[in-house]
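Participant: Let me begin by handing over the structure; questions about it come next.
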Amino acid sequence: MHPSPLTTESIKEYVLFNSEYFVIICRQCKYALTPGERIKKHFRNLHQTISLQTRNEIIAYCETLTLLSPTDVISPGPEHGPVEGLELVSNGQKCIYSNCIGYFSASKSTMEIHCRTHGWKKNDPIMWKKCAVQTFFQGVHRKFFEVDVERQQRLNLDILLNDVLKEASRRDEEYSLTLNHVMDSHIVTKSPWDL
C-alpha cells in the first residue's frame, strides 16, 4: 500500500509559488529556485532529510507551474514591500553615487568593492546608505533589490485595523438587531371566571 500523495497545502510547507513574479521559493532556504533540473538538484542535494516521495511530489508540483528563468524575473521596486518567503537583509547597502542606478548589496564590504569602480578609496566619505534588501536567487543570478519594510508594516497595520473595524461594525449591527428584536411574549390573561 502506497502512502497517499501530498496535498498542495502540504507541499506549500516546503515551497511557496509567487504568482506575481512567477518564481518558486524554497521556504527553508528562503530564496527562489531556478526552474527545471535545478529544482530537482536543489531538493536532492540540499534536502535529503525530506522523504524521497515528498521531494518527488514537490518536484512534480513545481513542474506544473509556469516559472520564469532568473534573467526574466523583474526585481520589484521598494514600494512593493518585502516579497514573502525571501530572506530579508535589514542591514543591506545601496550605492548613492550620482551615476550609479540600482546597485544594492547585503554587506558593507561588498559595497566597498563596488564603490571602488567609482573611484572611491578607503578614507573617502561613504557613497552608500543603509537599507533593507532581498534577492530572489543565489549564485550567479543573485541581484539584490531595495525593500521598504516600514511601508509594508504600515500596510499590514492598515489591513489589521480595517479588519478590526469591520468586526466591530458587524458586532454593533448584531447587537442592534438583538435590541430591536421583539421577543415573543407568553402573556397569560385570566378572567374573573377562570378562578
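Per-residue answers, yes or no, for (1) over 19 Å from ILE25 (Cβ atoms); (2) of a type in the set (A, V, I, L, M, F, W, C); (3) under 25 Å from the mean Cα position of the chain (by Cα); (4) in a loop (DSSP other than H, G, I, E, B):
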position	(1), (2), (3), (4)
CYS62	no, yes, yes, no
LEU67	no, yes, yes, yes
SER75	no, no, yes, yes
ILE101	yes, yes, no, yes
CYS115	yes, yes, no, no
CYS131	yes, yes, yes, no
GLN134	no, no, yes, no
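Participant: Which residue, of GLU112, GLU87, is out of contact with any helix residue (DSSP H, G or I) (no Cβ under 6 Å at 6 or more places or on another chain) and open to solvent by 70 Å² or more (accessible area, probe 1.4 Å)?
Facilitator: The conditions single out GLU87.
Participant: Related question: Can you pull out the residues in the stretch 63-76 that are free of Cβ contacts under 8 Å to residues at least 40 places away in the same chain and either buried (at least 16 other Cβ atoms within 10 Å of the Cβ) or among the small types (Gly, Ala, Ser) (or both)?
Facilitator: Correct list: SER69 only.
Participant: Would you check if ILE39 is closer than 17 Å to ARG142 by Cα, open to solvent by less than 90 Å² (accessible area, probe 1.4 Å), assigned to a helix (DSSP H, G or I) and in contact with a helix residue (DSSP H, G or I) (Cβ under 7 Å, 6 or more places away or on another chain)?
Facilitator: Yes; evaluated as a whole, the condition is true for this residue.
The values are calculated or read from the model by the stated rules, or taken from the named source; none is laboratory data. All values derive from a computational prediction rather than experimental measurement. Every residue, glycine as well, gets a Cβ built from its backbone with ideal geometry; the counts of neighbours run over all protein chains shown. Quick note on the areas: whole protein, heavy atoms, side chains included, nothing else; ligands and nucleic acids left out. Shrake-Rupley method; radii C 1.70, N 1.55, O 1.52, S 1.80 Å.
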